[in-house]
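This report refers to the structure that appears directly beneath it.
Any read-out appearing in this document is the output of simple, stated calculations on the displayed coordinates, not a laboratory observation. Given the structure is predicted, the values throughout are model-derived calculations rather than measurements. Using ideal geometry, Cβ is built from the backbone for each residue, glycine included, and neighbour counts are taken over all protein chains shown.
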Amino acid sequence: GARSQKVQMLLIMLPMWMNMLVRTYSWMNILEKNGIINKLLGNFGIAPLEMLGTGGAVILGMVYNYLPYMILPIYTVMSKIDKSFLEAAEDLGCNRWQKFKRLILPLSVPGVISGIIMVFVPSISTFYISQKMSNGTIKLVGDLIETKIKEQWASGGLNAGAAMSFVLMVVIFLCTIIMNRFSDDDGGNIAV
């Protein structure tokens with residue numbers, strides 16, 4: 001019910017009350033060789049796994065940090081769907097899958113588009129999560145820009161880093177325009 005939804009949203013948003021640095025360091029402590037997971041595995045006689053410093057750790061860190069930005073707009077849009085639409089779909093003989101495919105999914109497209117944009121923009125430019133969770137072995141676009149700026153800072157020129165940042169900004173801007181157009185086109189197509 002409504003109370004259960006509020007509790008679930010609270011649990012999803014609760015980590016967002018902490019700084020991203022704290023959340024990332026927490027995952028580093030959990031995934032390291034002497035971390036909680038490897039200690040639990042050691043209790044069962046399993047050798048420690050190398051989790052920190054892998055691509056999976058970077059993906060886990062990014063998903064954990066950015067998932068609420070995807071869930072919140074989708075939840076907001078879905079909570080505003082009129083219950084009479086769902087009742088009408090049931091009256092017309094739709095099962096759960098058909099209601100989802102023909103009604104809920106098309107009506108939630110604006111929330112999905114908004115979530116994609118809200119996750120895409122910070123994740124495309126992130127560099128801290130990849131540095132910490134992969135020990136610097138995995139480079140993302142944000143890492144390359146940071147490296148170029150650090151390399152050129154001492155010599156007084158920031159041309160390559162600035163150019164890369166500008167190209168990234170243009171790509172983000174174009175993707176946002178495309179996503180907004182896609183969202184406007186698909187906004188109200190309901191076929192029950």
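3J(HN,Hα) along the stretch 121-128, derived from phi through the Karplus expression 6.51 cos²θ - 1.76 cosθ + 1.60 where θ = phi - 60°, amounts to 4, x, 6, 6, 9, 5, 9, 5 Hz, with x in place of Gly and Pro. Placing unit charges on the Cβ atoms only, positive for Lys and Arg and negative for Asp and Glu, gives the stretch 5-114 a dipole magnitude near 40 debye about its Cα centre. Across the chain the C-alpha pair distances fall into 5 Å bins from zero in the proportions 1, 7, 11, 12, 13, 14, 12, 10, 8, 6, 3, 1, 0, 0, 0 percent.
Of the chain, which part is the longest with no trypsin sites (Lys or Arg not before Pro) in a loop (DSSP not H, G, I, E, B) and with at most 14 other C-beta atoms within 10 angstrom? Please report the intermediate quantities before stating the final value.
On the way: sites that count: K33, K80, K139.
Within the chain, the longest run free of exposed trypsin sites (Lys or Arg not before Pro) spans 81-138.
Taking the dipole about the Cα centre of the chain, with the C-beta of Lys and Arg at +1 and of Asp and Glu at -1, give me whichever of S134, N43, M179 is farthest to the positive side. After comparing all options, I get N43.
Largest GNM mean-square fluctuation among A162, A57, A47, using the chain with Cα springs under 10 Å: A47. Pairs from the list K80/K101; K6/K39; K6/K132; K39/K132; K6/K99; K33/K148 with a Cα-Cα gap above 25 Å: K6/K39; K6/K132; K33/K148. Rounded to the nearest 20, the size of the Cβ-charge dipole of the chain about its Cα centre is 380 debye, with Lys and Arg at +1 and Asp and Glu at -1.
For the chain, averaging the sequence separation of C-alpha pairs within contact (under 8 Å, six or more residues apart) and dividing by the residue count gives a relative contact order of 22 percent. Taken one residue at a time, the phi angles of the stretch 137-144 give Karplus couplings (6.51, -1.76, 1.60, θ = phi - 60°) of 7, 10, 10, 10, 4, x, 5, 5 Hz. Gly and Pro are set to x.
Kindly list the residues of the stretch 57-75 that lie in the label zone of L49, defined by a backbone N under 12 Å from the point 7 Å along the Cα-to-C-beta vector. Correct set: 57.
At q = 0.13, 0.16 Å⁻¹, what log₁₀ I(q)/I(0) does a Debye calculation on the Cα points of the stretch 118-174 give, no solvent, two decimals? Those come out to -0.34, -0.51, one per q. Across the stretch 50-65, rounded Karplus estimates of 3J(HN,Hα) from the backbone phi angles (6.51 cos²θ - 1.76 cosθ + 1.60, θ = phi - 60°) give 8, 9, 6, x, 10, x, x, 5, 5, 4, 4, x, 6, 4, 4, 6 Hz, Gly and Pro being marked x. Counting 0.36 nm for each residue step from F166 to V22 and taking away their Cα separation leaves a gain of 48.9 nm.
Shape class for the stretch 1-73, computed from the alpha carbon gyration tensor (a ≥ b ≥ c): prolate, with a/c not under 1.5 and a/b above b/c.
Tell me what the chain gives for mean residue ellipticity at 222 nm when only DSSP H runs of n ≥ 4 count, each as -39,500 (n - 2.57), the sum divided by the residue total, rounded to 500 deg cm²/dmol.
Per the formula, -23000 deg cm²/dmol.
With the simple model of a label 7 Å out from the Cα in the direction of the Cβ, V121 to M78 spans 2.3 nm.
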